[in-house]
Amino acid sequence: MRTRTLHVVAALVAAVLAGPLAACGGPGEADTENFTVGLLLPNRVTPRWEQSDRPLVEERLKALCGGCTLEYANAENDAARQRDQMTSMITKGVRVLVLAAADSKALRSPIEEARRAGVPVVAYDRLAEGPISGFVSFDGAKVGRLQGEALLKAMRERGRGSGVVMLNGDPSSANAGWFRRGALTTLVGGGAEIAESYATAGWSPERAHADMSAALAALGADRIDGVLAVNDAIAAGALSAFRRAGVADPPPITGQDADLAAVRRIVRGEQYMTVYKPFEKEAAAASAMAVALGRGAGAGTVATTTLDSATRAGIPSILLTPRAVTAGDIRRTLVDTGVYTVAQICLPSLRAACERLGITR
């Protein structure tokens, strides 16, 4: 795989915005220039999908093509529902589908259906099987490595041992395995012992609570020195299990997505870190790729790398760079860049902690 930096990605996407693809609605060109893009998101459990991705893709698409429209559907963690949603959008005549798959394997059949109908599919955030035309996401191995590195550091700083429980995310998602492989490389290489490992179905906090409770019952709290929670929703479930078990000082817990609730947990000292993924860049890249495909230019005109799936080699892809966020990074990474305001993070009960961390400066 060849990769380039996030700056190059941003420049290429900017070039798409400024170049011929940005023009739309010329005389006699409505059929070519203006069309409908279908956006299919996987669930509402993870806050980012409805709060960030949906409005950002809609905004970006309008910036690229004022005459293009967006058809939207959420699968509610149901692959069969998402399959029906895809079929419906194809029937309605969407030109391109942007798909964050509820199940990376189960959606192969409707992706093949889309291909037969001449509708290209951009896999968004999650790599999907089948004849997808392009892929836009963050480097999943890097996400896992950032989590593993942060967890090892926290365990050392707190004088913990080496026992790690992994809560890996939904086994139907290709991303879950991608994150896990990246984390394992760092954890095992750093001397950690994987005491228990769970595939947390549905990316659900409730399932994570049950998995973490099972680990506590099997190991005892004293043998759990760190928790590799793959995202912030799962981190919340893990933390609730420690509270339910009466553990006053839970071990360091990782996360991903920089959900506002997770950032507040980091300020409180309840969660050690999260991984920030600038969703606006992902939405911009996916929208640029969708418009390129819709106008017949091909995903390769905006792709910056290639990636192989289980069913296809050399998929034109854009892989963006994630960033680790611990308590000391919140101001610089999330406030100064406009992701959240101080008022959003620093509730009255957190004001003193925010001042200690330099967030309110």
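Only the coordinates and a few stated rules stand behind these numbers; no lab work does. This one's a predicted model, so the numbers in the text were calculated from it and none came from an experiment. Counting neighbours? That spans all protein chains shown, and the Cβs are built from the backbone with ideal geometry, glycine included.
Residues in the stretch 339-361 that are surrounded by fewer than 11 Cβ atoms within 10 Å (Cβ to Cβ) and part of a loop (DSSP other than H, G, I, E, B): 341, 361. Of the residues making up the stretch 52-85, those that are over 18 Å from residue 291 (Cα atoms) and either in contact (Cβ under 8 Å) with a residue 40 or more places away in the chain or not in a strand (DSSP E or B) (or both) are 52, 75, 76, 77, 78, 79, 80, 81, 82, 83, 84, 85.
Within the stretch 241-263, residues that are touching a residue at least 60 places away in the same chain (Cβ under 8 Å) and closer than 16 Å to residue 215 by Cα sit with their Cβ atoms under 9 Å from residues that are in a helix (DSSP H, G or I) and basic (Lys, Arg), at 6+ positions apart or across chains, in these pairs: 252/153.
The helices (runs of 4 or more DSSP H) found wholly in the stretch 209-299 and carrying at least 1 residues that are among the aromatic types (Phe, Trp, Tyr), in contact with a Leu (Cβ under 8 Å, 6 or more places away or on another chain) and buried (at least 20 other Cβ atoms within 10 Å of the Cβ) occupy 232-244, 279-294.
Exactly one residue out of 313, 324, 303 is of a type outside the set (Ser, Thr, Tyr), under 20 Å from the mean Cα position of the chain (by Cα) and part of a loop (DSSP other than H, G, I, E, B): that is 303. A count restricted to the stretch 327-338 and to residues that are out of contact with any helix residue (DSSP H, G or I) (no Cβ under 8 Å at 6 or more places or on another chain) and either outside any helix (DSSP H, G or I) or among the hydrophobic types (A, V, I, L, M, F, W, C) (or both) stands at 3.
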